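Below: one structure, written as structure tokens.
The values are calculated or read from the model by the stated rules, or taken from the named source; none is laboratory data. Please read all numbers here as calculations on a predicted model, not as lab measurements. Glycine gets a Cβ as well: all are built from the backbone with ideal geometry, and neighbour counts include every protein chain shown. Keep in mind that these areas ignore ligands, DNA and RNA; they rest on the heavy atoms of the full protein, side chains included. Shrake-Rupley method; radii C 1.70, N 1.55, O 1.52, S 1.80 Å.
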Amino acid sequence: MPEIRNTSPLSRRSLLRALGGGAALGALAGCGVPAAYVSPGDRAGTDASATDKRLTWANWPLYIDTDDDHPSRRPTLEAFEKRTGIAVEYIEEINDNDEFFGKISPSLMNHQRTGRDLIVISDWMCGRFVRLGWVQEMDRANQPNVARYLDPLLRSPAFDPGRRSTVPWQSGITGIAYNRRRVGREIRHVSDLWAPDLKGRVTLLSGLDEAFALLMQGNGVDITRWTADDFHRICDQVERRVHGGQIRRFTGNDYIKDLSSGDVLACQAYSGDVIQLQADDPDIRFVVPEEGAELWAESLMIPNLARHKANAEKLVDFYYQPEVAAELAAWVNYVCPVPAAQDVLASSKDKDTAALAEDPLIFPDASMRKRLAIARDITSTERTEFAKRWNAIAGL
């Protein structure tokens, strides 16, 4: 395997927020439309994989490794093509979960092909696709690496038990970022955000799906089985802190700028972003609170009627080889869904690359893993009510 180099200049989430994406508005497209449901027997199309060695893959910008000297080249993807003879049309077209939902939902609800064999979207949106019956189950007989190496923490989310229809592409943690030097102490609990000396210097994430779980964990809630009462209790608390001036504002990824400048001292944040920030300011810390933090993923799915299902399954399994997962992790800097990739990075002759194996924001250590949980998703019935209340608080 070629030497892995960590040269990603900008996090993928940072870019998609700059483009106006990230599902910050928690839009309601496609909810509550039972007529759009596709039954299991109508999901598969004729698979041309055996004779047509190609596939089309839709992904987010900046979410795959690229060559230093030739940014349009993607080493791991080229290795897959060379090894399998399968040509991949790789399209960086997903800038927002809801926007992409709107783009392909007319085809899916009308039992038509989307023109894509593989897509990557956030798990909360994956849950919507799974409930609507818009994606096909993968054949694990074609995916021995997924079966062997997928992180146990990610194996069975509530929306897709056993990960039959989805496979994590990358994962991450929603926790708290803060400037240790400016705050003057460690932050260890969600409640630490409400300290009097942080008044007006705290931000929360604006997106409903991004924000609520960590706040519930601060209340001691098991986010794998939270209730409507838990949600409204959080809203009551946040409203009080907005009116009291404790919360400066609600943000997308622009919290990065606020934290770097010192305008904000502590905030809700994504683990992958903080890795980027720490390269410029080692005083910036990321913490998984003692009460816990949310583990999330953005996952690969095969849409209904995809023409190259078996080819897509092979590509997914290729990225679950520890050597390939390690090369990808060194570039994107999110939580790697293949824990075995840690040993690959640790054995690197390059000191900076080997150091990535010890970064708990890429490979959470045992203590951190005990405090991570995947939140149950917001159902379509709940979403209208919850989004209306949350968006009013966040000023969306």
query: Which residue pairs have Cβ atoms closer than 7 Å, lie 6 or more positions apart in sequence or on different chains, and pair a first residue in region 383-396 that is surrounded by 14 or more Cβ atoms within 10 Å (Cβ to Cβ) with a second residue that is of a type in the set (Val, Ile, Thr) and outside any helix (DSSP H, G or I)?
result: 386/378
query: Within region 106-115, can you find the residues that are out of contact with any helix residue (DSSP H, G or I) (no Cβ under 6 Å at 6 or more places or on another chain) and surrounded by fewer than 23 Cβ atoms within 10 Å (Cβ to Cβ)?
result: 106, 107, 110, 111, 112, 113, 115
query: In region 67-94, which residue that is in a loop (DSSP other than H, G, I, E, B) and open to solvent by less than 40 Å² (accessible area, probe 1.4 Å) is nearest to residue 336 (Cα to Cα)?
result: 94
field: So residue 104, is it out of contact with any Gly (no Cβ under 7 Å at 6 or more places or on another chain), assigned to a helix (DSSP H, G or I) and among the β-branched types (Val, Ile, Thr)
entry: yes
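For (1) of a type in the set (Gly, Ala, Ser); (2) touching a helix residue (DSSP H, G or I) at 6+ places or on another chain (Cβ under 8 Å); (3) within 25 Å of residue 362 (Cβ to Cβ), each residue gets a yes or a no:
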residue	(1), (2), (3)
174	no, yes, yes
177	yes, yes, yes
182	no, no, no
185	no, no, no
189	no, yes, yes
195	yes, no, no
200	yes, no, no
205	no, yes, yes
208	no, yes, no
field: Which numbered condition residue 204 fails, given (1) aliphatic (A, V, I, L, M); (2) part of a loop (DSSP other than H, G, I, E, B); (3) farther than 30 Å from residue 109 by Cα
entry: (2)
- prompt: Within region 333-354, which residues are surrounded by 22 or more Cβ atoms within 10 Å (Cβ to Cβ) and either aliphatic (A, V, I, L, M) or farther than 21 Å from residue 369 by Cα (or both)?
  reply: 335, 338, 341, 344, 345
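Mind checking whether some residue in region 140-150 is more than 30 Å from residue 366 (Cβ to Cβ) and either assigned to a helix (DSSP H, G or I) or open to solvent by 10 Å² or more (accessible area, probe 1.4 Å) (or both)? Don't jump to the end; show me each part of the working.
From region 140-150, those more than 30 Å from residue 366 (Cβ to Cβ) are 141-142; that's our starting set.
Going one step further and asking which of them are either assigned to a helix (DSSP H, G or I) or open to solvent by 10 Å² or more (accessible area, probe 1.4 Å) (or both), we end up with 141-142.
Looking for residues that are more than 30 Å from residue 366 (Cβ to Cβ) and either assigned to a helix (DSSP H, G or I) or open to solvent by 10 Å² or more (accessible area, probe 1.4 Å) (or both), one finds at least one in region 140-150, hence yes.
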